[in-house]
Amino acid sequence: MSRPVRLWVFLVGAVLVAALYAWACFDLPSFGGDHHPYGDRAVRTALAQHTANAVSSVNFDQRAFDTLGEQTILFAAVLGTVVLLRQVRGERRTDPTPAPVADRVRWFGVLMLPVALVVGFYVVAHGPLSPGGGFQGGIVLATALHLLYIAADYRALERIRPVGLYEVGDAVGEAAYVVTGLAAVLAGSAFLANVVPHGTFNTLSSGGTVAVLNIAVGMEVACGIIVLLARFLDQAVEIEETAEETGAR
Amino acid sequence: MSVLPYLAAGWIFLIGVYGLVTSRNLIHAVGCLTVTQSSTYVLLVAIGYRRGGTAPVFSDLPPGARVVDPVVQALALTDIVVGATVTALLLALVVQLRKRHGTVDPDKLAELRG
Amino acid sequence: MNGWLLAAAVLLVAGLAPVLWTMAVGEPRTRLVAQNLSTVLACPVFLLAAQGFGRPSYTDLALVLAMLGPAGTLVYARFLGVLPRSRVVLGTAWTVVPATVLPLCVVAGPGRAMAKLLVIGVLVVAGNTVTSAGTDRHG
Amino acid sequence: MDEVLIAIAVVLVAAAATAAVFHRDPLRQSMVLSLLGLFLALLYTFVQAPDVALSQLAVGSAVTPLMILLTVRKVKRGPRSGSEDR
């Protein structure tokens, strides 16, 4: 299918979809409407479970099984990337040369690293209370660690980031989530049910398993993104194809 | 105003797919896919909005307050993170294609099969 | 008529819309400055929205952006090879950010909220002073 | 006033998305994508969804651009070009 034909097929399809979609939009409940049946029930359940952040309560308490699915998709994507970006036959690994970086930027990276890590842990720990949670905190932690690569160079980052440890951390995060679910079964209620006493409202220990699952997801997301970026950095900075590989292709 | 966010979500979706169809570089195509994904977040979060409501986070709010819908927020929140890792997987595929076929132009890739 | 939200709207239209325009049509060096400027302008908008909606818990957003904004700019600087010196970003960081953080501190009154606002303000100004100082990479 | 802010944010998001699509060069596109992520985070805040905004900020500001740029470098480097290793 040549390019113009493909474009025409798309344009016809797009016009049809646009017309139908616009027509459907006018039948949707108007923006800002008052009819949110699921939302009201979710908020009521969240308050009953002493979880201040209703979104975290939905994610880790009422729909914890779906979050397990999301987490497994994330784990599979990381696994796929690790397999795809591994160092194959005919490639050799050169160690990265130090980058000429201004002192200001280097100092910024070194000073910001602890601050970013503290904020990352704060976002993960306050998941059940204020906006935040395992998913967001995990990403902030992973980005915090890469401040060393951004502000310094890959050698500095590699020294403090043993990739094997983070691959294990990724798996442990996922396993901790499942084990917490099984613990609920052992305690005699459903898989991933919130059996832990809910604690007092709006305190760090409130919400029962929501806090535990938050930490498990935070660990898995942080380690998963670090492993992802490690593989991309290896490919972009270190791994080069040797001459005979290109000749043979 | 009552339908603007929904139409904007539709526009972002169509423009993303247009970019995907006419892309000459697979990395650009992955970027367009990210744009298309973000249209679904806009639609999800716009449906959950309630006029005069505030975020369903009760750390600094009395429990009886009028809040927006937390369920759609939970859906969008996890999807953004998973979408990032799926983008990484797609980029890894692009790197593999580059290694194996030496090109990232989807049209040239199609010719290779012939 | 919420003054804070009005200020946020003005910042959006007067600040971030031109940034999008320069990003769309500018050449790579001004594009990187535009990207840096976007994070400098976005932090005050988040703080104003937090105050305008009466939700102090929204300031976490400005805190995370204050940290990751400069990091994003440095990522681009690493791949473009040069970090352009920009007085626009420096000027904006030292005028717009204090101009929004100080009134918010006055309204918030002494206490944990004011401390958090000051920390966010310092992070934004420090981070963007570093990225706007610029490094012309030789060789 | 909330509706006005939401309308402004929606228009900015649609414009950034269109700009992101029409930049054919991946490096320039990733810059516009990070700007799109920022506008999306603003829109989510105005629609009272701070968790989603935090998630978009964290992902869109450093992780996605870094991955796209590393892929661009790996693809541009090609087999034997001795470009800088950092």
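The values are calculated or read from the model by the stated rules, or taken from the named source; none is laboratory data. Computed from a predicted model, the values in this text were never measured in an experiment. Glycine also receives a Cβ, built like all others from the backbone with ideal geometry; neighbour counts cover every protein chain displayed.
Scanning region A:180-216 for residues that are in contact with an Asp or Glu (Cβ under 9 Å, 6 or more places away or on another chain) and part of a helix (DSSP H, G or I) yields A:THR209, A:VAL210, A:LEU213, A:ALA216.
For region A:33-41, indicate whether the set of residues that are at the interface with chain B (Cβ under 8 Å from one of its Cβ atoms), part of a helix (DSSP H, G or I) and crowded, with 17+ Cβ neighbours inside 10 Å is non-empty. Working first, answer last.
Residues of region A:33-41 that are at the interface with chain B (Cβ under 8 Å from one of its Cβ atoms), as a first pass: A:33-34, A:36, A:38-39.
Imposing the further condition that a residue be part of a helix (DSSP H, G or I) reduces the set to A:38-39.
Going one step further and asking which of them are crowded, with 17+ Cβ neighbours inside 10 Å, we end up with A:39.
Checked against the condition, which is being at the interface with chain B (Cβ under 8 Å from one of its Cβ atoms), part of a helix (DSSP H, G or I) and crowded, with 17+ Cβ neighbours inside 10 Å, region A:33-41 yields at least one hit.
Scanning region A:180-222 for residues that are polar (S, T, N, Q) and either touching a Gly at 6+ places or on another chain (Cβ under 6 Å) or at pLDDT 85 or above (or both) gives A:THR180, A:ASN194, A:SER205, A:SER206, A:ASN214.
With the requirement that a residue be at positive phi and exposed (fewer than 13 other Cβ atoms within 10 Å of the Cβ), what does region A:165-194 give you? Within region A:165-194, just A:GLY188 meets the criteria.
From the list A:GLY120, A:GLY69, which one is under 26 Å from B:SER59 (Cβ atoms), in a helix (DSSP H, G or I) and not acidic (Asp, Glu)? If you could, list the steps in order and put the result at the bottom.
Values: A:GLY69 fails: under 26 Å from B:SER59 (Cβ atoms).
Answer to the check: A:GLY120.
Testing B:ALA46 on (1) free of Cβ contacts under 8 Å to residues at least 40 places away in the same chain; (2) closer than 30 Å to A:ALA18 by Cα, one condition comes back false. Which one is that? Result: B:ALA46 fails condition (1) only. Condition (residue is more than 9 Å from chain D (Cβ to nearest Cβ), crowded, with 20+ Cβ neighbours inside 10 Å and closer than 17 Å to D:GLN48 by Cβ) applied to region C:54-74: is it met by at least one residue? Taking every residue of region C:54-74 in turn, at least one turns out to be more than 9 Å from chain D (Cβ to nearest Cβ), crowded, with 20+ Cβ neighbours inside 10 Å and closer than 17 Å to D:GLN48 by Cβ. Evaluate the following for B:THR85: is it closer than 23 Å to A:GLN71 by Cα, facing chain A (nearest Cβ under 7 Å), modelled with pLDDT of 90 or more and buried (at least 23 other Cβ atoms within 10 Å of the Cβ)? The answer is yes for B:THR85.
Each residue in region A:18-32 was checked for being more than 17 Å from B:GLY48 (Cα to Cα) and either facing chain B (nearest Cβ under 7 Å) or in contact with a Lys or Arg (Cβ under 7 Å, 6 or more places away or on another chain) (or both), and 3 of them qualify. Determine whether region C:25-36 contains at least one residue that is part of a loop (DSSP other than H, G, I, E, B) and surrounded by fewer than 23 Cβ atoms within 10 Å (Cβ to Cβ). Within region C:25-36, one or more residues are part of a loop (DSSP other than H, G, I, E, B) and surrounded by fewer than 23 Cβ atoms within 10 Å (Cβ to Cβ).
So how many residues does region A:149-179 have that are over 27 Å from A:ALA211 (Cα atoms), in a helix (DSSP H, G or I) and touching a Gly at 6+ places or on another chain (Cβ under 6 Å)? Please lay out each step first, then the result.
Just the residues of region A:149-179 that are over 27 Å from A:ALA211 (Cα atoms), to begin with: A:149-160, A:162.
Then keep just the ones that are in a helix (DSSP H, G or I); that gives A:149-151, A:154-160.
Within this subset, residues satisfying the condition of being touching a Gly at 6+ places or on another chain (Cβ under 6 Å) are A:151.
Of the residues in region A:149-179, 1 are over 27 Å from A:ALA211 (Cα atoms), in a helix (DSSP H, G or I) and touching a Gly at 6+ places or on another chain (Cβ under 6 Å).
Checked against the criterion of being touching an Asp or Glu at 6+ places or on another chain (Cβ under 6 Å) and farther than 27 Å from B:VAL82 by Cα, the candidates A:GLU220, A:GLU174, A:GLU241 yield just one match: A:GLU241. Yes or no: A:THR200 in contact (Cβ under 8 Å) with a residue 24 or more places away in the chain and farther than 20 Å from B:SER59 by Cβ? Considered against the rule, which asks whether it is in contact (Cβ under 8 Å) with a residue 24 or more places away in the chain and farther than 20 Å from B:SER59 by Cβ, A:THR200 comes out as no. For region C:33-47, the tally of residues that are under 24 Å from A:LEU129 (Cβ atoms) and more than 10 Å from chain D (Cβ to nearest Cβ) stands at 2. Residues that are among the basic types (Lys, Arg): find the helices (runs of 4 or more DSSP H) completely inside region B:21-114 holding 1 or more of those. It comes to B:70-101, B:106-113. How about region C:104-125: which of its residues are surrounded by 15 or more Cβ atoms within 10 Å (Cβ to Cβ), within 13 Å of chain A (Cβ to nearest Cβ) and at pLDDT 90 or above? Correct list: C:LYS116, C:VAL119, C:ILE120, C:LEU123, C:VAL124, C:VAL125.
For region A:123-141, the set of residues classified as assigned to a helix (DSSP H, G or I) and buried (at least 24 other Cβ atoms within 10 Å of the Cβ) consists of A:VAL123, A:VAL124, A:GLY134, A:PHE135, A:GLN136, A:GLY137, A:GLY138, A:ILE139, A:VAL140, A:LEU141, listed by residue number. As a summary of the residue check, C:GLY91 satisfies the conditions (1) farther than 30 Å from D:VAL72 by Cβ; (2) free of Cβ contacts under 8 Å to residues at least 24 places away in the same chain; (3) crowded, with 17+ Cβ neighbours inside 10 Å except for the one numbered (3). The condition (being farther than 30 Å from B:VAL94 by Cα and small (Gly, Ala, Ser)) is satisfied by just one residue among A:ALA76, A:ALA46: A:ALA46. Considering (1) at pLDDT 90 or above; (2) closer than 20 Å to D:ILE6 by Cα; (3) in contact with a Leu (Cβ under 8 Å, 6 or more places away or on another chain), the lone condition that C:LEU63 does not fulfil carries the number (2).
On the basis of being exposed (fewer than 15 other Cβ atoms within 10 Å of the Cβ) and closer than 30 Å to B:ASP60 by Cβ, does C:VAL101 make the cut? Here the answer is no, as C:VAL101 does not meet what is asked. Do you know which residues across region A:1-32 are crowded, with 16+ Cβ neighbours inside 10 Å and over 14 Å from B:VAL21 (Cβ atoms)? Of everything in region A:1-32, those that are crowded, with 16+ Cβ neighbours inside 10 Å and over 14 Å from B:VAL21 (Cβ atoms) turn out to be A:TYR21, A:CYS25, A:PHE31, A:GLY32.
Can you name every residue in region B:14-31 that is more than 12 Å from chain A (Cβ to nearest Cβ) and either aromatic (Phe, Trp, Tyr) or over 17 Å from A:ARG6 (Cα atoms) (or both)?
Within region B:14-31, the first condition is being more than 12 Å from chain A (Cβ to nearest Cβ), and the residues that meet it are B:25-31.
B:ILE27, B:HIS28, B:VAL30, B:GLY31, listed by residue number.
Scanning region A:61-97 for residues that are surrounded by 21 or more Cβ atoms within 10 Å (Cβ to Cβ), in contact (Cβ under 8 Å) with a residue 40 or more places away in the chain and more than 22 Å from A:ILE226 (Cβ to Cβ) yields A:ASP61, A:ALA64. Restricting region B:33-75 to residues that are away from chain A (no Cβ under 11 Å), hydrophobic (A, V, I, L, M, F, W, C) and surrounded by fewer than 24 Cβ atoms within 10 Å (Cβ to Cβ) leaves a set whose member that is farthest from D:ASP51 (Cα to Cα) is B:LEU33.
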